[in-house]
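Taken together, the values in this text are just the output of simple stated rules run on the coordinates, not laboratory data. Keep in mind the model is a prediction, meaning the values are calculated, not measured. Positions of Cβ are generated from backbone atoms using ideal geometry, with glycine treated the same way; all protein chains shown enter the neighbour counts.
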Amino acid sequence: MRHLLVLPFLLLATPVAAQSTTAAELLAKYTAEAGTEASAERGQALFLASHSGGKSDTPSCTTCHGTDPRAMGQARTGKPIAPLAPAVNPERFTDLKFVEKWFGRNCTSVLGRACTAAEKADLVAWLSSL
Amino acid sequence: MTDAPTTDTPPHAGQVLVWDIWVRLFHWSLVACVSIACVTGFLLDASWITLHIASGTLAVALVLARIIWGFLGPTHARFADFRPAPSRILSHVRAQAPARHLGHNPAGGLMMLGLMAAVLLLGLSGLAGLGGALRTGPLRALPYGLGEIALEVHETLALLLLAMILAHIAAAILESHRSRENLVRAMVTGSKQGRPGDHASRPAEAHPRLALLLIAMLAGATVASLPQDDPTPARAPVSELDPTFAEECTACHLAYHPSLLSAAEWHVILGGLTDHYGEDASLDAETTARITNWVLAHDASTVQSRPARLFAGRLDTPTGSMTETGAWKDLHEEVAEAHFLRAPIYSKANCAACHADAETGWFSPFHIRIPRETPK
């Protein structure tokens, strides 16, 4: 019972912006859309790989996010990017519109096409497992 | 300071005090000020502008004080002692063994007047450039075009002054040889050896109290006539950023101010967000329209700022970068190429790493601070 005492602090730490989703909900949603089980290993491989279908300046997710999703990344403009792993950045995977916007933009930049629901499920599975 | 004549009082046997202490202090202070202004203006980057303006202003003040001393100082400080009439200059330069002038010879006198005029005009053109082009200082109401011309004139005058200084130094060395005396040392100690046959000067009495009073009055009048408040100049870049613009456009980069580009360039950029400088930055139609409307309402045509005049409508291709333009490269040539790419700048697109006021659209030289490289 005693660890329930942390609950008020957790609530305080919640971002002011309306929380529209969670990592678990996203994972369930993308998995359902894909119709297959998500794989953290496949997510990691996709994230770390170099791709050739997208724009030449951004061959990989790691171009801007770095190889460690628990660390800060950096845009090509020099601007820092907050870590992707929800374990160190609780704001990640809390806003469905935001997640969809950046999957949309970044999959086009890196892969040259939209990501499939299965790929999104794999990435969310890996990032939230860290 | 006393009203007693300071000339012709031999400190040592045969020595004559030619340059009084104020002339010497003026000379070497001017050397210091002009040196600092030259180094900060020609060699160092724009972040040194405050020191440049301070040294330049002090040089102008020194010359103005010297002009007053030229009418009220002792014999050899007076303009009357070195009137550079053409006939006198010619006869001095042509003569095999010209009569020695204890003070300035006529050619030297011409150089004195030229140097002083150059410093005054440099001050005026600098102030006009600061006012018209950078929209600050007492002349900030000047039209932009005039300010830009003033900056060109300022640069040309500075080169001219540099040439005159070199000629002045060469002449001092040459004349030292010719008259077998060390003229540079004389400008330090003030005294020269009196010789028979020296050009006779009409002795004049110094009026240091009157001179000081006039200098103080001039300084007071200058300070009093400076504008007291510094209101935002007319046609300033919009100071409050639209929240949607600020939120969406700063996700990956700083808020590039709408006044930096022309309407045509913004149309191309916002119409091509799917391929935005090498990345997909697409937004939904409603957000794009909102940002486009706001940006166009505050584009370069609505402001009078130096970046707007330098860059808007000047991109090499509609999707080109400001950092690829000749104007940008000229302004950044003092910064090593590699410095942009390493920590903590990382990218030429990261204006705010050095320009603290980048997001205001002003890019004032007063707000430049180039960070040192840090280990990543």
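Taking +1 at the Cβ of each Lys and Arg and -1 at the Cβ of each Asp and Glu, which of B:TRP48, B:PRO84, B:ALA32 sits farthest along the dipole of chain B towards its positive end, judged by Cα position relative to the Cα centre?
The Cα lying farthest towards the positive end belongs to B:PRO84.
Please list, in chain and number order, the residues 5+ apart from B:VAL18 or on another chain whose amide H is under 5 Å from its amide H, with Hs placed from the backbone.
B:SER191, B:LYS192
What angle, in degrees between 0 and 90 and rounded to the nearest 10, separates the Cα long axis of helix B:144-178 from the longest principal axis of the Cα atoms of chain B?
30
On a 0 to 90 degree scale, rounded to 10, what angle separates helix B:208-225 from the longest Cα axis of chain B?
Tilt relative to chain B: about 10 degrees.
Apply the Karplus parameterisation 6.51 cos²θ - 1.76 cosθ + 1.60, with θ equal to phi minus 60°, to every residue of region B:245-260 and state each ³J(HN,Hα) to the nearest whole Hz, in sequence, with x for glycine and proline.
Using θ = phi - 60°, the values come out as 4, 4, 5, 6, 7, 9, 4, 10, 8, 5, 6, 5, 5, x, 6, 6 Hz.
For region A:56-125, with only Lys/Arg (+1) and Asp/Glu (-1) charged at the beta-carbon, what is the dipole magnitude about the Cα centre, in debye rounded to 20? Spell out each step's value before the answer.
Numbers: 9 positive and 7 negative charges, 36 e Å.
Result for region A:56-125 is approximately 180 debye, rounded to the nearest 20.
Hey, if you put +1 on the Cβ of every Lys and Arg and -1 on every Asp and Glu Cβ in region B:92-212, which of B:VAL119, B:HIS104, B:MET164 ends up farthest toward the positive end of that dipole?
B:HIS104
Tally Lys/Arg at +1 and Asp/Glu at -1 over every other residue whose Cβ is under 14 Å from the Cβ of B:VAL39; what's the total? Kindly include the intermediate steps, with their values, before the conclusion.
Numbers: positive: none; negative: B:ASP45, B:GLU334.
Residues close to B:VAL39 contribute a combined charge of -2.
Quick one: dipole size for the protein assembly as shown, taken about the Cα centre, charges +1 on Lys/Arg Cβ and -1 on Asp/Glu Cβ, in debye to the nearest 20.
Details: 40 positive and 45 negative charges, 444 e Å.
Dipole of the protein assembly as shown, to the nearest 20 debye: 2140 debye.
Quick one: angle between helix B:49-72 and the longest Cα principal axis of chain B, in degrees between 0 and 90, rounded to 10, please.
Approximately 30 degrees, to the nearest ten.
Count the net charge of all other residues whose Cβ sits under 12 Å from the Cβ of B:ALA77, scoring Lys and Arg as +1 and Asp and Glu as -1. Provide the component values of the computation, followed by the final result.
Values: positive: B:ARG24, B:ARG66, B:ARG78; negative: B:ASP20, B:ASP81, B:GLU205.
My count for the surroundings of B:ALA77 gives 0.
Might you list the cysteines of the protein assembly as shown that have no disulfide-compatible partner by the rule of another cysteine's Cβ under 4.7 Å?
Cysteines lacking a close Cβ partner in the protein assembly as shown: A:CYS61, A:CYS64, B:CYS33, B:CYS38, B:CYS249, B:CYS252, B:CYS351, B:CYS354.
Where a ≥ b ≥ c are the square roots of the eigenvalues of the C-alpha gyration tensor, would you call the protein assembly as shown rounded, which needs a/c under 1.5, or, failing that, prolate if a/b is larger than b/c, or oblate? All intermediate terms of the calculation are to be shown ahead of the outcome.
Details: a/c = 3.24, a/b = 3.17, b/c = 1.02.
Taking the square roots of the gyration eigenvalues as a ≥ b ≥ c, the protein assembly as shown is prolate.
Report the local net charge at B:TYR144: Lys and Arg +1, Asp and Glu -1, summed over other residues whose C-beta lies under 14 Å from its C-beta. Show your work: numbers first, answer last.
Working: positive: B:ARG135, B:ARG140, B:ARG235, B:ARG306, B:ARG309; negative: B:GLU148, B:GLU152.
Neighbour charge sum, excluding B:TYR144 itself: +3.
For the protein assembly as shown, please report how many Lys pairs fall under 28 Å Cα to Cα, leaving out neighbours fewer than 8 apart on the same chain.
22
How big, in percent, is the set of alpha carbon pairs in chain B lying more than 29 Å apart?
On the way: 39188 of 70500 pairs.
The share of Cα pairs beyond 29 Å in chain B comes to 56 percent.
Counting Lys and Arg as +1 and Asp and Glu as -1, each charge on the Cβ, what is the dipole of region B:15-225 about the Cα centre in debye, to the nearest 20? Let's see the in-between values first.
Working: 16 positive and 10 negative charges, 142 e Å.
Roughly 680 debye for region B:15-225.
Within chain A, which whole H helices from DSSP have a Cα span along their axis of at least 20 Å and a mean Kyte-Doolittle hydropathy of 0.0 or more, if any? Mind showing how you got there, number by number?
On the way: long enough: A:96-111 (21 Å, 0.12).
Once both thresholds are applied, what remains is A:96-111.
For n ≥ 4 DSSP H runs only, could you compute -39500 (n - 2.57) per run for the protein assembly as shown, divide by its residues and tell me the 222 nm figure to the nearest 500?
Calculated at 222 nm, the ellipticity per residue is -15500 deg cm²/dmol.
Place +1 on the Cβ of every Lys and Arg and -1 on the Cβ of every Asp and Glu in region B:154-284, take the dipole about the Cα centre, and give the residue among B:TYR256, B:PRO196, B:GLY271 whose Cα lies farthest towards its positive end.
Highest projection toward the positive end goes to B:PRO196.
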